[in-house]
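The block underneath contains the structure these notes are about, expressed in structure tokens.
The values are calculated or read from the model by the stated rules, or taken from the named source; none is laboratory data. In this text, all values refer to a predicted model and were calculated from it rather than measured experimentally. We place every Cβ from the backbone using ideal geometry, glycine too, and count neighbours over all the protein chains shown. Calculation scope for accessible area: heavy atoms of the full protein, side chains included, ligands and nucleic acids excluded. Shrake-Rupley method; radii C 1.70, N 1.55, O 1.52, S 1.80 Å.
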Amino acid sequence: MAISTSSPSSPLHLRLSPPPPSLLSSFPPPPPSPPAAPTQHGLPLRAVAAADPRAAHAVAVKSGALGPSSSPGASADARAANAVMCAYLRAGRLDDAREVFDRMPARDAASYSALISGHARLGSPASAAAALLACMRLDGGGPLDPTEYTFVGLLTACARRGNPRFGAQVHALAAKSGHCSCSGSGSGSLLVDNALLGMYVKCGRLGDALRAFDGMERRDVSSWNAVLAGLVELGRHEEAFELFGEMRATGVRADRFSLSALLAAAGEGFGLPEGEAVHGLSLKSGLETDLSVGNALIGFYAEHGVSVEDVVSVFQGMRVKDVISWTGLLNGYMEFGLVDMALDVFDRMPQRNFVTYNAVLTGFCQNKEGVRVTFAKKAGLRGLGLFRQMVEDGLEISDVTVTGALNACAIAADRKVSEQVHAFVIKCGCGSSPWIDAALIDMSIKCGRSGDAHLLFEQWRHQESFHVAWNSLLLASVRDGEYEKALSTFLQMFRSSGIGFIDEFMLTAALGVCGALGVAELGKQMHSFAAKSGLLNACGVGNAIISMYGKCGELDDAVNFFDRMTSRDLVSWNAMITAHLLHRQGKEILDIWGQMESLGIRPDSITFVLVISACSYTSSDSTDQCRELFLSMSSKYRIEPAMEHYAAFVNVLGCWGHFDEAEQLIGGMPFKPGALVWRSLLDSCSKRSNMTVRRRAMKHLLALEPHDPSTYVLTSNLLSESARWHSSENTRLEMREKGMRKIPARSWTFHDNAVHSFFARDRSHPQSKDIYAGLDVLILECIKAGYEPDTTFVLHDVEEYQKRHFLMYHSAKLAAMYGLLMAGPGQTVRVVKNIRMCGDCHSFLEHASAATGKVISVRDSSGFHVFRGGKCSCRE
């Protein structure tokens, strides 16, 4: 059937062709009486409209139902016109429906109600529905009173377009006309009452919704569900459960929407016990097989389940599954770190949508291929490959997709690829989203494009994601070692924006800066601020406080805070282990590991790196326990050991003198040993003075990292130790010619709200004259007490007196001397050094602590050295 139309101002011209017989035979014959509407070939108009709105339109025109016709006996019929108009609306053709409406010679209330509902469903502004309501009340055929369906359509339009002002006017009109019982106007329509509740909830006016709910004379499950959804959306989870209890007390049975809302409340505000209770209720009510309830349960257990088996059990029990069910199962595997199994689900899915791809992309970023360090680049590139596939397949690209792609690129840390992705974002016009712009800054920083990141930040215009972008810049300063800049930036933003500027993420970043600098005083102030501002209950802030105290040498404060935490996650335990590891307390770490096992806390790959490393710091040889831990990773916890775990185990074996087993372990690795492994072996050789193994490790390290400045430094030092001065000097010369620079040794201490930094033989400090004079006196006192400068740590071919001069003014000695000059009675001198402290500085500070009676705490790259009464806590 074909239809041709002229312009709207001219008469309608139609060219009709009969529908195919196969179409006609698929519809039942019309009932004998009464005739419902005009027919064609014995078909009711409503049936024709369901199959083809254009065909129904043609039938109605030919029969005269839409106006004058040449057919004898034809007359206008509002029912026929309404059927055609509704058919166009169901097909999403609003303009065609409006044309039918405009050409109707006679309209009734159903005509207006249908078009108002169509405008609401298809997303038109609420003003369109308001205009139709005004026309309805001034209709040329006589004013028409709104029906309950009219009010439902109007309120739906207000809800979808977020127009509570017009919604309140509709509420008043409904109450005046007796269609609403919420205002005590007598028995109204339950449909209107429920639509009113939904409108207020969707527009964020929960108080008005609750007042309307209290005024309702009758309520059904939809009434309760509307208010439940509003409470959950606003985070009032406890009230939602209380309301649900009232609902059950009144005898109203829960439906799938009720249980889905409760599962959301349990997931966001409570946890596993409440979610399991809702699951039990679904089993009792027979709703566990419902598709939406099953999908909600999968989502809940993916986030709060004890194991992935909780997710799988729900999925397997569902009779009907859709793409949301499969995506939930995939997300569950990703949440529990089972990337390969998640990808297997992805391959087996009968149907996918862009949400599915987003789940995989996000999973790659979260798990970094199941290991957080070694395979991060591989995971990022794999995520980018998935994004490319989405683009090539023409799938919908949402803000979530683009953000995931930018995060994947940040993980890959590939500068060239990041520039390509950035160009794609600009080209497709996605750069105006606040979260995409924040991800762009983060990606630029992690891909070595700090300049581009600062340019993006200077043009920032999104208030809602400002803290995310600022955090990225703050963390970039920390990552680049610019701690003072990071601290200065934070304090500047704090003074300019006030307390309201600081949220959970900002405070976490600031605490990280305090920990990196070792600034305990400022860290304690941040702790107090968190307590006063109510941010202390945020698990992320609590974890940052533990980490800060651990890095600042305040281990007792870290332990006390951890013990008082009301909510802990795996990061909390890892932070506590790290704090003990910095203080070389291996036994305490193994005790914490025992607690985790007894409490059923599932470790991750980071936990194993930390606990394995702890075996280097026990009072007796703990290689057997370390070996058991290493083997249990794959056998018990399904975590395949990565490069970091092998490096940690090798270091433990070397520390306890098991060099043969260490080399056997390296030789039996399932992948090629990386520089990290050989460097661990090299470090352990230094502790045990095994030159043979050290040379072999050095050879492998040079082959793997020939362009790393630290490799040249190690080579030069090794040659110097062998008195091959000429070769050592040539190595350093080659390094300089290639533009490589070693990281200079730097030490700092914090005093009077400022960081005081020192390099070797540094005289730039304003009080350098006092520092050097005091250090010379202290050195003489320490020599009298038995300190002997060890010039073997000066790896230069110079005279002995020059070596002693080089040795006396290392950065750690200068920083410690300044701290001693500034420290008051009973105060601990705190120094942080960016690399490992040399043996001579270690010996000097032991004697200095005895000579001055002060406690001197030094944190270097290996951890803490607390010098007290001539002895060091490291026992080395």
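Annotation: Cα Rg of region 185-264 relative to the compact-globule expectation 2.2 N^0.38 Å equals 1.01.
Taking every alpha-carbon pair under 8 Å whose residues sit at least 6 apart, region 416-565 reaches a relative contact order of 16 percent. For the listed residue pairs Lys587/Lys871; Lys321/Lys636; Lys524/Lys742; Lys769/Lys854, the alpha carbons are over 30 angstrom apart in Lys321/Lys636; Lys524/Lys742. For region 805-848, trypsin sites (Lys or Arg not before Pro) are listed when DSSP marks them as loop and at most 15 other Cβ atoms sit within 10 Å of their Cβ; the list is Arg836. For the pair Met349 and Asp624, a Förster radius of 35 Å applied to the C-beta separation gives a FRET efficiency near 0.15, rounded to the nearest 0.05.
When the alpha-carbon atoms of region 115-233 are used, the pair Rg, Dmax equals 13.6, 47 angstrom.
Each of the peptides 504-511, 278-285 was scored by the mean count of other Cβ atoms within 10 Å over its residues; in descending order, highest first, they stand as 504-511, 278-285. Relative contact order of region 219-364, taken over Cα pairs closer than 8 Å and 6 or more residues apart, is 16 percent. For region 587-651, the Cβ-based charge dipole about the Cα centre amounts to some 140 debye (Lys, Arg positive; Asp, Glu negative; other atoms uncharged). Along the charge dipole of region 558-622, pointing to its positive end and built from +1/-1 on Cβ of Lys, Arg, Asp and Glu, which listed residue (Met596, Ile612, His580) has its Cα farthest out? Highest projection toward the positive end goes to His580. Entry for region 559-604 at q = 0.20, 0.27 Å⁻¹: log10 I(q)/I(0) = -0.64, -1.14, Debye formula applied to identical alpha-carbon scatterers, no solvent contribution. Within region 133-236, the GluC sites (Glu not before Pro) that combine a DSSP coil assignment with at most 14 other C-beta atoms in a 10 angstrom radius are Glu217. Within the accessible area of region 566-635, the carbon and sulfur atoms contribute 53%, probe 1.4 Å, all protein chains present. A Förster radius of 30 Å combined with the Cβ-Cβ distance from Glu729 to Ala773 puts the calculated FRET efficiency at roughly 0.35. Solvent-accessible surface of protein heavy atoms, probed at 1.4 angstrom with all chains present, puts Arg746, Arg253 in the order Arg253, Arg746, largest first.
Maximal additional length on extending the Arg253-Lys672 stretch stands at 144.7 nm, based on 0.36 nm per residue less the C-alpha distance.
If you find the alpha carbon centre of region 820-876 and of region 428-461, how far apart are they in angstrom? About 43 Å separates the Cα centre of region 820-876 from the one of region 428-461. Computed on region 549-708, the Cα convex hull volume stands at 126 Å³ per residue.
Under the criterion of Cα pairs below 8 Å and six or more residues apart, the relative contact order for region 390-493 equals 22 percent.
In this label model, Gln525 and Ala754 are separated by 1.5 nm, measuring between points 7 Å along each Cα→Cβ vector. Per-atom-type breakdown for region 239-296 gives carbon and sulfur 53% of the accessible area (1.4 Å probe, protein chains only).
Relative to one another, the C-alpha centroids of region 249-266 and region 565-641 are positioned 42 Å apart.
In the context of the full set of protein chains, residues of region 514-561 present 35 Å² of accessible surface per residue (probe radius 1.4 Å, heavy atoms only). Shown is the FRET efficiency for Arg804 and Ser710, computed with R0 = 35 Å from the Cβ-Cβ distance and rounded to the nearest 0.05: 0.85.
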